[in-house]
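Quick notes on the structure that follows.
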Amino acid sequence: MRTSPNRLLATIFGAVYLLVGLLGFLVTAGVDFFATEGGKLIIFEVNPLHNVIHLAIGAALLIAGLGSVCAAKLANTTVGAVYLLVGILGLFLASTALNIIALNGADNVLHLASALVLLSVGLSQDRTPAAHTARS
């Protein structure tokens, strides 16, 4: 894992998102599953659905990070792309009835920052050498 930035990042992000998902349940007691306004976890708003999503993403990243370089690279790139989309959509959904994961401004910043880091590492690190072709 020490030689693969993708595996290291996926493992760290996975563990952090799992922890955030678990801690989120401590502040969402009594909050509806799809509530547009959730409980505060530091400066982030979360509802039970948001917590479940954090657990799923954390588990996927952690499993990939503990697996192969290829799996970690794919997970980082995929989760990064999803977080980029969520970060952009969150800017428009935050104060609407469609905000079923209780996004706020801090969530949007975190999702966009996570996307930047995950995509940067996923798309640029752990490249495999190009196959050499024989010249005639």
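Where [x] 8.3; [y] 9.5; [z] 7.4 are the candidate values, the label of the one calculated here for mean projected area of the Cα convex hull in nm² is [y]. Connecting C-alpha atoms closer than 10 Å in a GNM of the chain, tell me which of G38, G24, G67 has the biggest fluctuation. Evaluated over the chain, the most mobile residue of the options is G67. Between A81 and R2, the contour length at 0.36 nm per residue exceeds the alpha carbon distance by 26.0 nm.
Measure off, as a whole percent, the carbon and sulfur share of the 1.4 Å-probe accessible area of the chain, all protein chains present. Its accessible area is 74 percent carbon and sulfur atoms. Spin-label model, L98/F33: points 7 Å from Cα along the beta carbon direction are separated by 2.2 nm.
Ordering F44, F92 by accessible surface, largest first, gives F92, F44; the 1.4 Å probe counts only protein heavy atoms, with every chain in place. In the range 1-61, the convex hull through the Cα atoms has an average projected area of 4.2 nm², a quarter of its surface area. If you line up the long axis of helix 69-93 against the longest principal axis of the chain, both from Cα atoms, how many degrees apart are they, to the nearest 10? Roughly 40 degrees between the two axes. Remark: the chain carries 57 Å² of accessible area per residue (probe radius 1.4 Å; ligands, DNA and RNA excluded).
The values are calculated or read from the model by the stated rules, or taken from the named source; none is laboratory data. For clarity, every value in this text was computed on a predicted model and none was experimentally measured. Reconstructed Cβ throughout: ideal geometry from the backbone, glycine too, with neighbour counts over all protein chains shown. Just the protein is used for accessible areas: all its heavy atoms, side chains included, with ligands, DNA and RNA removed. Shrake-Rupley method; radii C 1.70, N 1.55, O 1.52, S 1.80 Å.
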